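The values are calculated or read from the model by the stated rules, or taken from the named source; none is laboratory data. Values in this document were obtained by computation on a predicted structure and should not be read as measured data. Every residue, glycine among them, receives a Cβ derived from its backbone with ideal geometry; neighbour counts consider all protein chains shown. Accessible surface is based on the protein model in full, side chains and every heavy atom, while ligands, DNA and RNA are left aside. Shrake-Rupley method; radii C 1.70, N 1.55, O 1.52, S 1.80 Å.
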Amino acid sequence: MNSWNEGYFTDSTYTYGYYRELSPNFMRWCLLVNGIAAPEITAESCHCELGFGQGLSANIHAAATPGKFFGTDFNPAHAAQAKEMATASGADAHFFEDSFDEFAKRDDLPQFDSIGFHGVWTWISAENRRHMLEVARQHLKSGGMVYNSYNCLPGWAPAAPLRELLTLYDKNFHGNGNTKERVQAAIKFIQEMIDAEPAYLQIAPSFKPVFENIKKNNPDYIAHEYLNLDWDLMYFSDVAELSQEAKLDFATQAVPIDGAAFHLSQKAQDFLNKISNPIVREQLADYFTRRQFRKDLYVRGIRRLPPPEVIDKILSTRYVLLIPAAEVSMNVNTEQGNLKLAEAAYRPFVEYLAEDNHRPKDLLEYAERNNVSTRNVIEMVRVLTFVDRVMPCQSKAAVNLVKKNCDRLNAHLCERAKFNESISFLASPLTGCGFNVNRVAQLFLAQYKGGVKTADRLADEALKILTQGGQQILFNGKPLENPEDNIKHLRTLAERFLTRDLPIYKALLIA
Ligand SMILES: C[S@@+](CC[C@H](N)C(=O)[O-])C[C@H]1O[C@@H](n2cnc3c(N)ncnc32)[C@H](O)[C@@H]1O
């Protein structure tokens, strides 16, 4: 146990997650489509991430967003990792190893347009939550935006005793040593307890499914998630009230759709619509959706935009389709169950977005060409962005500003992929966000950029790299033992890379 970590789990480092909600561009777009004014993103903008973990999101956004980027994480291994990526990209990034308290007290910080913290709030003490809010109170511009995500009540209530069991076991029977062994021992213990059928399971039917889900995660993630000294579940309304200390008004969830219309039955919407207080209404919606994790956007001084201005701004943005049109499913999961999108409206729209090798597209052009109302096109683009099939693009001027930083960061990440499979995202200068590119695709991409253009040669080169390090190639999660199977599998992947993935990487300006 170290003294600087204030009870936060630091025996192993965190996973390399990427979260688009931390992107200033994405935050801005979610606010915009929900009718709320957000800061313009320019070369003069300043952004910040608190508790950036390994710093993958922070670095992708620092490289792919115009302006300066700041951030802190008190774990020195995390800060070192984040700084190494920033050096590689050459972005105007300033990453620190300060605690939130130390960071709030710095006198060398600018005023931020956005501050993001993902997966931090629940896992720290009340005092540290106040320090985070103090950063916002002192260093967020008027009109600036804040993203905060956390485990919430009442959704977590039935399964919360699970976390208690994990820490109870860890504290009393294990408590130190190898993270993987600690986590595995606690999981085994809880499994034995479940097998002995405690009566509690009868009043908490979500206990077992939540446990099954937890088990699937990697031990480092489980340790950071559940073995901290602090794990404070809060109601949305309490977070909103606390956020007022930093003059932060709840704006919307960090999703580009109208969550209530999408996730709730008409009966639920009718009930909620009778509640005029927006905080109470939002809190009650959590009871209807059984939500366990909230992703919220706050603004320091909310200003609602006139609807014509919202429409104008949405229509003057370009959009890019992230997967082949034929792969866009018309089924979307919502809290009400499966929602079927109207094929007759959505299919031609995604086909339009796929035209010219996924060139970023203009919504007005589509609306005029197909005689569709702009209202309907906007609705489709919101839903398709929600399901991560479409992303809004930055202006051409912004793309030019960030392209070189993204190229350098992506080259660094692809080089790293030779030795390590932990990072499966690259930075897109087009969207200002990360894009999922798995390790083998990163190896192909580096080779392709170096002039290797055929599937056979891409597969041969990748095989050389992977086998040099004595690494096994997996197919459906199982290692391929036979060298012929290895090369055959890699050739199939290389064909897919050239025909399916590459046009999309090119559109996203990753390739
Ligand atoms: C659960 S991790 C989330 C990391 C990252 N945001 C992500 O989602 O991938 C929380 C992070 O907050 C950092 N952290 C916790 N308490 C902190 C404090 N008081 N000051 C600075 N960083 C802190 C931890 O080191 C850890 O990297």
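For the criterion of being touching a Lys or Arg at 6+ places or on another chain (Cβ under 6 Å) and either under 30 Å from L32 (Cα atoms) or surrounded by fewer than 15 Cβ atoms within 10 Å (Cβ to Cβ) (or both), G144 passes. The condition (being more than 27 Å from A427 (Cα to Cα), modelled with pLDDT under 95 and open to solvent by less than 40 Å² (accessible area, probe 1.4 Å)) is satisfied by just one residue among L153, L166: L166.
Any chance you could count how many residues in segment 113-126 are more than 9 Å from the ligand (Cβ to nearest atom) and either within 18 Å of Y8 (Cβ to Cβ) or among the aliphatic types (A, V, I, L, M) (or both)? Can you show your working first?
Initially, segment 113-126 is screened for residues more than 9 Å from the ligand (Cβ to nearest atom), giving 113-115, 121, 126.
After this cut, where a residue has to be either within 18 Å of Y8 (Cβ to Cβ) or among the aliphatic types (A, V, I, L, M) (or both) as well, the list is 115, 121, 126.
Total satisfying the criteria: 3.
Within segment 201-225, take every residue that is touching a Pro at 6+ places or on another chain (Cβ under 9 Å) and open to solvent by less than 30 Å² (accessible area, probe 1.4 Å) and give me the one that is nearest to the ligand (Cβ to nearest atom). Restricting to residues being touching a Pro at 6+ places or on another chain (Cβ under 9 Å) and open to solvent by less than 30 Å² (accessible area, probe 1.4 Å), the top hit is V210.
For the criterion of being touching a Ser or Thr at 6+ places or on another chain (Cβ under 9 Å) and in a helix (DSSP H, G or I), A446 fails.
Applying the criterion of being aliphatic (A, V, I, L, M) and crowded, with 18+ Cβ neighbours inside 10 Å to the residues of segment 278-310, the residue that is nearest to A260 (Cα to Cα) is A285. From the list L493, L466, the lone residue that is over 18 Å from V320 (Cβ atoms) and out of contact with any helix residue (DSSP H, G or I) (no Cβ under 6 Å at 6 or more places or on another chain) is L466. Filtering A462, A511, A455 for residues that are of a type in the set (A, V, I, L, M), under 25 Å from S89 (Cβ atoms) and modelled with pLDDT of 95 or more leaves a single hit, A511.
Just one of the numbered conditions (1) in contact (Cβ under 8 Å) with a residue 12 or more places away in the chain; (2) among the charged types (D, E, K, R); (3) not assigned by TED's automatic domain parsing to the domain that holds L133 is not true of D286: (3).
Consider G67 carefully, then state whether it is in contact with a helix residue (DSSP H, G or I) (Cβ under 9 Å, 6 or more places away or on another chain), modelled with pLDDT of 95 or more and away from the ligand (no atom under 16 Å from the Cβ).
On the way: in contact with a helix residue (DSSP H, G or I) (Cβ under 9 Å, 6 or more places away or on another chain): yes; modelled with pLDDT of 95 or more: yes; away from the ligand (no atom under 16 Å from the Cβ): yes.
Taking the combined requirement at face value, the residue satisfies it.
Of all the numbered requirements in (1) more than 9 Å from the ligand (Cβ to nearest atom); (2) at negative phi, D101 misses one, and that requirement is (1). Look at (1) of a type outside the set (S, T, N, Q); (2) crowded, with 19+ Cβ neighbours inside 10 Å; (3) within 16 Å of the ligand (Cβ to nearest atom) and you find that L32 fails only one, number (3).
Restricted to segment 44-69, and to residues there that are assigned to a helix (DSSP H, G or I) and of a type in the set (A, V, I, L, M), the residue that is surrounded by the most Cβ atoms within 10 Å (Cβ to Cβ) is A64. Within segment 320-356, being within 30 Å of F288 (Cβ to Cβ), assigned to a loop (DSSP other than H, G, I, E, B) and open to solvent by 20 Å² or more (accessible area, probe 1.4 Å) holds for S329, E335, Q336, A342.
Determine which member of the set E102, E40, E84, E97 is under 30 Å from D258 (Cα atoms) and surrounded by fewer than 21 Cβ atoms within 10 Å (Cβ to Cβ). Answer to the check: E40. Please enumerate the residues belonging to segment 227-276 that are open to solvent by 70 Å² or more (accessible area, probe 1.4 Å) and assigned to a loop (DSSP other than H, G, I, E, B). If the condition is that a residue be open to solvent by 70 Å² or more (accessible area, probe 1.4 Å) and assigned to a loop (DSSP other than H, G, I, E, B), then L229, K247, D258, K274, S276 are the ones that fit.
For segment 28-40, the criterion of being within 23 Å of W231 (Cβ to Cβ) and touching a strand residue (DSSP E or B) at 6+ places or on another chain (Cβ under 8 Å) is met by none of the residues. Of the residues making up segment 146-156, none is over 26 Å from R291 (Cα atoms) and not in a loop (DSSP other than H, G, I, E, B). In segment 412-459, the qualifying residues are those that are open to solvent by 30 Å² or more (accessible area, probe 1.4 Å) and of a type in the set (S, T, Y), and the one that is farthest from I504 (Cα to Cα) is S422.
Exactly one residue out of P198, P110 is within 27 Å of A427 (Cα to Cα) and away from the ligand (no atom under 15 Å from the Cβ): that is P110. The set of residues in segment 478-511 being surrounded by 20 or more Cβ atoms within 10 Å (Cβ to Cβ) and not aromatic (F, W, Y) consists of N486, L490, L493, A494, D501, I504, A507, L508, L509, I510.
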